[in-house]
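Novice: Can you keep this structure in mind? I'll have questions shortly.
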Amino acid sequence: MDADFTAVAALVLAGGSGERFWPLSRPHRPKQLLDLDGSGKCMLRQAVDHLNPLIPPNQLYISTNRLLAPTVRKLLKDIPASHIYAEPCTKNTGGALIYTLARMLAAKGEEKLSAMTLALVTADQKIERRFCFHRMLREAVATAQAEDALVLCGIMPSRPEKGFGYIETTVSTPFCARGKKMVAWPVKAFHEKPDAARARRFISTGRHFWNSGMLFCRFSVLMNQLQKARPDMAALVYQLATLIREKRLEEVDALFATLEAISIDHALLEHADRILMVRGDFSWRDMGTWQSVAEERTPDDMGNVTAGNAAIMDCRDSIIWNAATDKGISVAALGLSDIVLVVTEDAVLVMHKEHAHDLKKLLAEMASKKKNVRQPKQKKDGDAH
């Protein structure tokens, strides 16, 4: 079965608040705009390049936010500026999908868009063995074009990873659809990040795969499933499209602001009645924590990864990242084990690797304390000095 890539539109999610890799990442410079693997390219540029040549730039659409949109347009000059969408406000991946669909619907019309297959990918995944990635794209697109189903990409797990979500399939061998050989599995359930014991049990079954976050489907199938799962969100796509087409932009912003901040998984995938999965046999990593960054770089003999001007002694399995070398700041570490130490010109992070997934909680606590700090009273004219 051959995939028709002339009828494919790829949606690349590239929003973000810059929390995962704080203090290196910030709201104006989230992880997808960083070179985290030392390749010389940021994650977003890599995500776009991975899709070529199967899906060329004029068939790519980028979902970002208004703070990042100018930077994204400069970075991706090969993509039409009209294909780079800036959400009015952040509403998680579900909101990004709704806004992108509305913009595309307003531009193309429902008849033309209904004939298209959508490929939804994220800008924060590290992919190697591009030939195998392209093979997965062909299988996923062909499946989505042949079947009235949502199609996901599941990664064959190489270890009992606690930090990823898992897709559970109903059988351990693929099925044949419509009389043609297709490498696809029916999806039974989704599982959030498991503990170590459950992760080991998952990979022993041969039926559990890492959830890559990539989704493939025809527009008509997506809207049908969204109507069943969240009719309010399906209606919002059409309401927003009408307002966008009529250039009633203030009303667009106000209406979008009423949308619940929710992920695509929770809004749609967990409630869909027909989901298939194709397997990704390429090298894949979700660049979600500092540990994932360390795994992309060559460690020293003691398992340490360093960047910038950093002197270390008697350290083991630690990440020492000096992003302020050009500001004349030196970093020294002595006797550390399993520690992440990141220094920028205005902030320092020190944490144990095991707490990497709690970084967002720490940042929320910092924001709360900053908000509650009493500011010094301003002196009035005539006050004594």
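The values are calculated or read from the model by the stated rules, or taken from the named source; none is laboratory data. All values derive from a computational prediction rather than experimental measurement. Methodologically, a virtual Cβ is constructed for each residue, glycine included, from the backbone with ideal geometry; neighbour enumeration extends over all protein chains shown. Heavy atoms of the whole protein, side chains included, go into the accessibility calculation; ligands, DNA and RNA do not. Shrake-Rupley method; radii C 1.70, N 1.55, O 1.52, S 1.80 Å.
Novice: Name every residue in the stretch 101-127 that is assigned to a loop (DSSP other than H, G, I, E, B) and either of a type in the set (D, E, K, R) or buried (at least 21 other Cβ atoms within 10 Å of the Cβ) (or both), in order of residue number.
Specialist: Selection gives A123, D124.
Novice: Quick check on my filter: what residues within the stretch 71-85 are open to solvent by less than 40 Å² (accessible area, probe 1.4 Å) and out of contact with any strand residue (DSSP E or B) (no Cβ under 6 Å at 6 or more places or on another chain)?
Specialist: L76
Novice: Considering only the stretch 240-272, state which residues are open to solvent by 10 Å² or more (accessible area, probe 1.4 Å), under 20 Å from K108 (Cβ atoms) and in contact (Cβ under 8 Å) with a residue 60 or more places away in the chain.
Specialist: The answer is T242, I244, R245.
Novice: Same structure again: Could you check, for the stretch 56-70, whether at least one of its residues is without any contact (Cβ under 8 Å) to a residue 40 or more places away in the chain, surrounded by fewer than 17 Cβ atoms within 10 Å (Cβ to Cβ) and under 17 Å from R138 (Cα atoms)?
Specialist: yes
Novice: Mind listing just one residue for me: the one in the stretch 9-32 that is touching a helix residue (DSSP H, G or I) at 6+ places or on another chain (Cβ under 6 Å) and not in a loop (DSSP other than H, G, I, E, B) and, of those, farthest from R66 (Cα to Cα)?
Specialist: A9
Novice: Let me ask you something else. Taking A86 and the conditions (1) touching a residue at least 24 places away in the same chain (Cβ under 8 Å); (2) farther than 25 Å from L137 by Cα; (3) in contact with a Lys or Arg (Cβ under 8 Å, 6 or more places away or on another chain), which numbered condition does it fall short on, given that it satisfies the others?
Specialist: (1)
Novice: Determine whether the stretch 312-328 contains at least one residue that is open to solvent by 30 Å² or more (accessible area, probe 1.4 Å), hydrophobic (A, V, I, L, M, F, W, C) and modelled with pLDDT under 95.
Specialist: yes
Each row is one residue, and each column tells you yes or no for (1) in a helix (DSSP H, G or I); (2) among the hydroxyl-bearing types (S, T, Y).
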| residue | (1), (2) |
| --- | --- |
| L54 | no, no |
| L67 | no, no |
| R73 | yes, no |
| Y99 | yes, yes |
| C132 | yes, no |
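Novice: I need a count of the residues in the stretch 5-25 that are open to solvent by less than 20 Å² (accessible area, probe 1.4 Å) and either free of Cβ contacts under 8 Å to residues at least 24 places away in the same chain or in contact with a His (Cβ under 7 Å, 6 or more places away or on another chain) (or both).
Specialist: 2
Novice: Among the candidates S25, S17, single out the residue that is out of contact with any Lys or Arg (no Cβ under 8 Å at 6 or more places or on another chain) and within 18 Å of D346 (Cβ to Cβ).
Specialist: Answer to the selection: S17.
Novice: Here's a follow-up. Condition test on A47, is it in a helix (DSSP H, G or I) and either within 30 Å of F131 (Cβ to Cβ) or under 18 Å from the mean Cα position of the chain (by Cα) (or both)?
Specialist: Yes: the conditions hold for A47.
Novice: Another question, then. Being more than 22 Å from the chain's Cα centre (by Cα), within 28 Å of A146 (Cα to Cα) and at pLDDT 95 or above is the filter here, so list the residues in the stretch 235-274 that pass it.
Specialist: A235, L236, Y238, A241
Novice: Further, regarding this structure: Evaluate the stretch 203-216: report whether one residue or more is assigned to a helix (DSSP H, G or I) and open to solvent by less than 20 Å² (accessible area, probe 1.4 Å).
Specialist: no
Novice: D37: free of Cβ contacts under 8 Å to residues at least 60 places away in the same chain, touching a helix residue (DSSP H, G or I) at 6+ places or on another chain (Cβ under 9 Å) and outside any helix (DSSP H, G or I), yes or no?
Specialist: No: the conditions fail for D37.
Novice: Please go through the stretch 343-358 and pick out each residue that is within 12 Å of P23 (Cα to Cα), outside any strand (DSSP E or B) and either open to solvent by less than 20 Å² (accessible area, probe 1.4 Å) or among the β-branched types (V, I, T) (or both).
Specialist: Hits for the stretch 343-358 are T344, A347.
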